[in-house]
Amino acid sequence: FNISKNSCTLSKPLVLFYALAIVNNFSAKEIYCAGFDGEKDSENIIDAINKFLDKYNKNKKYSKLKSLTSSRYNLNPCPLYKKI
């Protein structure tokens, strides 16, 4: 996974990856997810996305990714009530 000013290199063509690339290009400090629970996703999809998220979260220059709702994905929890 690599984000540059005019392009991105992705390991899989998933919308989440493209969305993160776009948001990072606009220098967002934090990204909040809601409803990204993974309950209906297969274990293969969850594993692939979690591997990506692990790599993404290790890169300090990328926007911080947090979840406002519970999730099976490797998202840092930030309960919604803390934002109200």
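The values are calculated or read from the model by the stated rules, or taken from the named source; none is laboratory data. Treat the numbers as computed from the prediction; the structure is a model and nothing was measured. In this analysis, Cβ positions are derived from the backbone assuming ideal geometry, glycine residues included, and neighbour counts consider all displayed protein chains. For accessibility, only protein heavy atoms count, side chains too; no ligands or nucleic acids. Shrake-Rupley method; radii C 1.70, N 1.55, O 1.52, S 1.80 Å.
If you take every DSSP beta bridge fully contained in the chain, what fraction is antiparallel? Give it as a percent rounded to 5. Counting only bridges with both partners in the chain, antiparallel ones make up about 25 percent.
Can you classify the chain as rounded, prolate or oblate using the Cα gyration tensor, where a ≥ b ≥ c are the square roots of its eigenvalues, rounded means a/c under 1.5, and otherwise it's prolate if a/b beats b/c and oblate if not? Since a/c reaches 1.5 but b/c is at least a/b, the shape of the chain is classed as oblate. Surface composition of the stretch 1-42: carbon and sulfur atoms hold 55% of the protein heavy-atom accessible area at a 1.4 Å probe. For the chain, GluC sites (Glu not before Pro) meeting the loop criterion (DSSP other than H, G, I, E, B) and having at most 16 other Cβ atoms within 10 Å: E39. Computed over the chain with a Gaussian network model linking Cα atoms closer than 10 Å, the most mobile of L16, L68, L53 is L16. When the chymotrypsin sites (Phe, Trp or Tyr not before Pro) in the stretch 12-84 are filtered for DSSP coil states and for at most 14 other beta-carbon atoms within 10 Å of their beta-carbon, the remaining sites are F26. For the chain, the set of trypsin sites (Lys or Arg not before Pro) satisfying both a DSSP loop assignment and a count of at most 10 other C-beta atoms within 10 Å is given as K5, K29, K40, K60, K61, K83. For the chain, the per residue solvent-accessible surface stands at 71 Å², with DNA, RNA and ligands left out and a 1.4 Å probe.
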